[in-house]
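Since the structure comes first, as structure tokens, the remarks are kept for the end.
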Amino acid sequence: QRKLVNMEARYSKEIEEFKIKKEFCEEKSKVTENIYKDLKEKMRLNVQNLTKEKFIKISWKEDEFVDIIIDEDYEVFIENRLGHLERPGDLSDGEKLCLGLCFMSALHNISGFELPIIMDTPLGNLDVDMRHNIAEFLPQFVGDKQTVLLVTGTEYTDDFRDTIHSAVGKEYVIEWNNSDEGKESKVVLNG
């Protein structure tokens, strides 16, 4: 009988200790969840604000767009000057490309990773004014991060080259050689 009472007392004590540990873990789990939610929201707002700042700065249509909204699922909406929300698909090809560059730049800025940025045909079918704006602002957008632009001859115009020249470290071209043995390409330093 005494053994049984001692066992019961010991188990009761262990149960109480487990309850305390469980309550502690539940409380810390709630605190951690709240910290996670706060950080997630701050990151989203940071991406939203950086995207807006960059998009409004680079946009060639004065006062056409007044806000960028990124929801919790990272869906992007653009508020025009009339107060209507547009989706990226509603924008012109140039506006979409510009928005994509700004969004990518904002994500890269807050990522904390020091990786090079590689952009394939970043200028696409942009008009002359937008290309000039991108050439002017791209070095500011990417900061000191290494950036590789893979551009076609129609993208890399004299105006674009002259505007971005001071931020370019090295420029390479692809040389194509056709022979009886087949086609060969080499990447060579330009200049």
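The values are calculated or read from the model by the stated rules, or taken from the named source; none is laboratory data. These numbers come from a predicted model, not from an experiment. All Cβ positions, even for glycine, are placed from backbone atoms using ideal geometry, and neighbour counts span all protein chains on display. When the accessible area is computed, the model is the full protein with side chains, heavy atoms only, and any ligands, DNA or RNA have been set aside. Shrake-Rupley method; radii C 1.70, N 1.55, O 1.52, S 1.80 Å.
Brief remarks follow.
- Count of the stretch 1-16 residues which are in a helix (DSSP H, G or I) and open to solvent by 100 Å² or more (accessible area, probe 1.4 Å): 7
- Qualifying residue in the stretch 54-66 (condition: touching a Lys or Arg at 6+ places or on another chain (Cβ under 9 Å) and of a type in the set (Val, Ile, Thr)): yes
- Applying the criterion of being at pLDDT 90 or above and in contact with a Phe, Trp or Tyr (Cβ under 8 Å, 6 or more places away or on another chain) to the residues of the stretch 43-64, the residue that is farthest from LEU99 (Cα to Cα) is ARG44.
- Beta carbons closer than 7 Å, at least 6 apart along the sequence or on distinct chains, pair a first residue in the stretch 92-106 that is over 18 Å from ASN49 (Cα atoms) with a second that is open to solvent by less than 50 Å² (accessible area, probe 1.4 Å) and in a helix (DSSP H, G or I) for GLY94/MET130.
- Subset of the stretch 126-152 that is in contact with a helix residue (DSSP H, G or I) (Cβ under 9 Å, 6 or more places away or on another chain) and closer than 15 Å to GLU171 by Cβ - its residue that is modelled with the lowest pLDDT: LEU138
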